[in-house]
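Here's the structure we're looking at; comments come further down.
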Amino acid sequence: MSAAQMETPGEAVAAATQAQKLSTNEPILSDPSAKLKALLMERAARAGVNVYEMGSGGYAVGWWARSREVPDLRALSRCLTQLGVAA
């Protein structure tokens, strides 16, 4: 193999990642609930609140020495709003 054909693993991974980003059409394939979940998880993490997805489809919310289980995204949003995390 010539030097032009060989790539380091880091370059190959970067090229594959870039190709995936270019081939994904975000506006067409977007899921509103996935976006909301990512937004809520990000805000909770920044505020120091732990949020875990449960096998039942709900979420476990933990802060300080307390925890609460909520059944869905709507309840998660309300819970985080009560904690002052999500507005």
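Just so it is clear, none of the values below were taken in a lab; they were calculated from the coordinates. Note that this is a predicted model, so its numbers are computed, not measured. When we count neighbours, we look across all protein chains shown, and the Cβ atoms used for this are built from the backbone with ideal geometry, even at glycine.
Within the stretch 40-51, residues that are more than 13 Å from G62 (Cα to Cα) and without any contact (Cβ under 8 Å) to a residue 40 or more places away in the chain reach no partner that is outside any helix (DSSP H, G or I) and charged (D, E, K, R) with beta carbons closer than 7 Å at six or more positions or on different chains.
Note on the stretch 49-87: among residues that are out of contact with any strand residue (DSSP E or B) (no Cβ under 9 Å at 6 or more places or on another chain) and over 16 Å from L36 (Cα atoms), the one that is surrounded by the most Cβ atoms within 10 Å (Cβ to Cβ) is Q82. Quickly run through the stretch 61-87 and pick out the residues that are outside any helix (DSSP H, G or I) and among the basic types (K, R). The answer is R66, R68.
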